[in-house]
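Here is the structure we will look at.
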Amino acid sequence: MVDLSKRRLFSRKSATLSTLRLPWVAQPETFTGLCTRCGQCQTVCEQKIIVNGDGGYPHVDFQHDECTFCYQCAAICPEPIFLPQSEQPWQAKIAISDHCLAKQNVECRSCGEVCEPIAIQFQLQLGKVAQPILHLDDCTGCGACVSLCPTSAISVNHHQ
């Protein structure tokens, strides 16, 4: 098994950030030991959000689109990596950093407008523009809000 955590020490990203693996991965900690990097999951992804990451292992990148949870990536995989579709896809949730325009007192509600489960709502504030309020219990981790954020303030991460 390849230990990618040491490689992250030298990358520009923080070593504490974790790669968001594909939905329905049974055990993300053993993913690199089971994945053969065949690329079939990338080929069937209609949204084209599955990309090669460290060591050529696939991961989800929401910079261009969202996950529709179609299960095609899991269905085509020849390895025993994925849970059944009846299970929850993942424990991934969004986070909004201080780079958010609303947090800088600039009106923007792009993320809330595309959030189908309404996990991002905006609360009026006295003397400020409406501020984002996250309802993480409603968040599916689909990433629809990520690519629309003009300041890249939104990320999708594993949630405990």
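The values are calculated or read from the model by the stated rules, or taken from the named source; none is laboratory data. Because the structure is a prediction, the values reported are computed rather than measured. Glycine also receives a Cβ, built like all others from the backbone with ideal geometry; neighbour counts cover every protein chain displayed. Ligands, DNA and RNA are excluded from the accessible area calculation, which covers all protein heavy atoms including side chains. Shrake-Rupley method; radii C 1.70, N 1.55, O 1.52, S 1.80 Å.
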From the list CYS115, CYS100, exactly one residue is surrounded by 15 or more Cβ atoms within 10 Å (Cβ to Cβ) and in contact (Cβ under 8 Å) with a residue 40 or more places away in the chain. Which is it? CYS100
Taking region 65-97 and keeping only residues that are over 20 Å from PHE31 (Cβ atoms) and either touching a residue at least 60 places away in the same chain (Cβ under 8 Å) or open to solvent by less than 50 Å² (accessible area, probe 1.4 Å) (or both), one is left with ASP65, GLU66, THR68, ILE94, ALA95, ILE96, SER97
Output for region 120-146, where each listed residue is assigned to a loop (DSSP other than H, G, I, E, B) and touching a helix residue (DSSP H, G or I) at 6+ places or on another chain (Cβ under 9 Å): ALA144, CYS145, VAL146
Determine, yes or no, whether VAL51 is of a type in the set (Val, Ile, Thr), closer than 25 Å to GLU116 by Cα, at pLDDT 95 or above and surrounded by fewer than 19 Cβ atoms within 10 Å (Cβ to Cβ). yes
Here are the criteria: (1) touching a Pro at 6+ places or on another chain (Cβ under 9 Å); (2) modelled with pLDDT of 95 or more; (3) crowded, with 18+ Cβ neighbours inside 10 Å; (4) under 30 Å from CYS73 (Cα atoms). Tell me which single one CYS108 does not satisfy. (4)
Looking for something surrounded by 16 or more Cβ atoms within 10 Å (Cβ to Cβ), touching a Pro at 6+ places or on another chain (Cβ under 8 Å) and in contact (Cβ under 8 Å) with a residue 60 or more places away in the chain - is there at least one such residue anywhere in region 145-154? no
Can GLN72 be described as at pLDDT below 95 and closer than 17 Å to LEU22 by Cα? no
